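Novice: Have a look at this one before I ask anything.
The values are calculated or read from the model by the stated rules, or taken from the named source; none is laboratory data. Because the structure is a prediction, the values reported are computed rather than measured. As a convention, Cβ positions derive from the backbone with ideal geometry for all residues, glycine included, and neighbour counts pool all protein chains shown. Note: accessible area is taken over every heavy atom of the protein model, side chains too, but ligands, DNA and RNA are not part of it. Shrake-Rupley method; radii C 1.70, N 1.55, O 1.52, S 1.80 Å.
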Amino acid sequence: MGEALHADRTRSADATHEQSAAPLTRSERRVKVEAAKLRVVLDQRLGRATPEWVNVLAEEKL
């Protein structure tokens, strides 16, 4: 059941990411990029696959 809940949260986060329409400020963008970097590391340590959009965001230069 935990995996199903995680999958629901992941889909919800992906949908939120794709639907954001308002432009981000420089600080908001920086926070998102840094959070994406942390997620990549966490997913690697836990042996999970990271969504491609997170990888792309994590590789952005600030």
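Novice: Kindly list, by first and then second residue, each pair from a residue in the stretch 45-62 that is without any contact (Cβ under 8 Å) to a residue 24 or more places away in the chain to a residue that is open to solvent by less than 100 Å² (accessible area, probe 1.4 Å), limited to pairs with Cβ atoms under 6 Å and residues at least 6 apart or on different chains.
Specialist: Correct list of pairs: THR50/VAL40; THR50/ASP43; VAL54/ALA36; VAL54/ARG39.
Novice: Still on this model: How do the helices (runs of 4 or more DSSP H) wholly within the chain filter down when requiring 2 or more residues that are loosely packed, with under 11 Cβ neighbours inside 10 Å and at pLDDT below 95: which remain?
Specialist: Numbers: elements: 2-19, 26-46, 52-58.
In the chain, 2-19 are the helices (runs of 4 or more DSSP H) which contain 2 or more residues that are loosely packed, with under 11 Cβ neighbours inside 10 Å and at pLDDT below 95.
Novice: Taking the stretch 24-49 on its own, how many of its residues are among the small types (Gly, Ala, Ser) and over 16 Å from LYS61 (Cα atoms)?
Specialist: First pass over the stretch 24-49, keeping only residues among the small types (Gly, Ala, Ser): 27, 35-36, 47, 49.
After this cut, where a residue has to be over 16 Å from LYS61 (Cα atoms) as well, the list is 47, 49.
Residues meeting the conditions: 2.
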